[in-house]
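Structure first, then comments.
The values are calculated or read from the model by the stated rules, or taken from the named source; none is laboratory data. Predicted model only: the values in this text are computed from it and were never measured. Don't worry about glycine lacking a Cβ; one is built from the backbone with ideal geometry, like all the others, and counts go over all protein chains shown.
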Amino acid sequence: MSTKTPNSGFRRILLKLSGEALAGSAEDKKFGIDAKTLDGVCKEIAGVIESGTQVAVVIGGGNFFRGISASESGIERATADYIGMLATVMNALAVQQGLKQVGIEARVQSAIPISPVSEPYVRLRALKHLNLGRVVIFAAGTGNPYFTTDTAASLRAAEINADILVKATKVDGVYDSDPATNPDATRYEQVTYDEVLQKRLGVMDATAIALCRDNNMPMRVLSISEEGALRRMATGGSVGTLITSA
């Protein structure tokens, strides 16, 4: 599925960002949006756009609200998930404004219609924006409860014919165990989707992984906080961990 641009980079990528990626790394900043962190993320995306690669973004809302966690405390699961979708819209609007500050045009498309602040998700309109050099930020997940934003990222990547899905996290790849608790954890250079599922490596939920595998969509897992890593990946560099169908 991968299509290369003349500079050996990817033509179009789908970037999956967690909501926590916007909250900063400090222990007292695990909630909300950290302005410095937001600026850094937007500059990384701008670097990719400047290299000639089109960028779409799916963003989570865990820095404000987690549907699954809230459902465990008594809120009905469907309602909790809808609240979580609204949290992703807040993050999407913040990223849109952050990109504007660094000179990049962006559009927010929401799976839940919120016309005063975003466009509805329309695939052909999203493709038009991308071809015009704009970043498209997909908010509100799939628009349905019981589906994660990871699944939304896999779905949107397939829908817009992305060449690769990039999961940008606080970790620089996929490890055989949690590197935060195990100093001897080993990072994979490359792994298959079947291995991710069999070994329960926790990259994404099983639905998202299966969707990527079945659509032969490669994925690269890298650190969003590593300066220049996203652009190096987009221009053909080997960064983080590559996940493929075979």
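Residue pairs whose Cβ atoms lie under 6 Å apart, sitting 6 or more positions apart in sequence or on different chains, and linking a residue in the range 220-243 that is under 16 Å from Leu201 (Cβ atoms) and modelled with pLDDT of 90 or more to a partner that is among the hydrophobic types (A, V, I, L, M, F, W, C) and assigned to a loop (DSSP other than H, G, I, E, B), are Val221/Val174; Leu222/Val239; Thr241/Val174. Restricted to the range 193-246, and to residues there that are hydroxyl-bearing (Ser, Thr, Tyr) and more than 16 Å from Val174 (Cα to Cα), the residue that is nearest to the chain's Cα centre (by Cα) is Thr207. Collect the residues in the range 156-173 that are at pLDDT below 95 and in a loop (DSSP other than H, G, I, E, B), keeping them in residue-number order. Listed by number, the residues that qualify are Lys170, Val171, Asp172, Gly173. Going by the conditions given, is Gln96 of a type outside the set (Asp, Glu) and under 16 Å from Glu44 (Cα atoms)? In short, yes.
Here Tyr146, Tyr82, Tyr121 are screened, and the one residue that is farther than 19 Å from Met204 by Cα and either more than 19 Å from the chain's Cα centre (by Cα) or in contact (Cβ under 8 Å) with a residue 60 or more places away in the chain (or both) is Tyr82. Can you tell me which residue in the range 1-32 is modelled with the highest pLDDT, limited to those that are in a loop (DSSP other than H, G, I, E, B) and among the charged types (D, E, K, R)? Going through the qualifying residues, I end up with Arg11.
Table: residues versus (1) closer than 18 Å to Leu15 by Cβ; (2) in contact with a Ser or Thr (Cβ under 9 Å, 6 or more places away or on another chain).
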| position | (1), (2) |
| --- | --- |
| Lys43 | yes, no |
| Gly52 | yes, yes |
| Asp81 | no, yes |
| Asn91 | yes, no |
| Val95 | yes, no |
| Ala106 | yes, no |
| Ala111 | yes, yes |
| Arg123 | yes, no |
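Look at Asp184 and say whether it is surrounded by fewer than 18 Cβ atoms within 10 Å (Cβ to Cβ), in contact with a Ser or Thr (Cβ under 7 Å, 6 or more places away or on another chain) and free of Cβ contacts under 8 Å to residues at least 40 places away in the same chain. In short, no. Among the residues making up the range 113-155, a single one is among the small types (Gly, Ala, Ser), surrounded by fewer than 22 Cβ atoms within 10 Å (Cβ to Cβ) and assigned to a helix (DSSP H, G or I): Ala126.
Let's see how each residue does on (1) out of contact with any Phe, Trp or Tyr (no Cβ under 8 Å at 6 or more places or on another chain); (2) at pLDDT below 95:
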site: Ala46; (1), (2): yes, no
site: Ile49; (1), (2): yes, no
site: Val58; (1), (2): no, no
site: Asn63; (1), (2): no, yes
site: Asp81; (1), (2): no, yes
site: Gln96; (1), (2): yes, no
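Filtering the range 130-142 to residues that are over 12 Å from the mean Cα position of the chain (by Cα) and closer than 15 Å to Thr207 by Cβ leaves only Thr142. When Thr186 is tested against (1) over 30 Å from Ser118 (Cα atoms); (2) modelled with pLDDT of 95 or more; (3) β-branched (Val, Ile, Thr), just one condition goes unmet, and that condition is (2).
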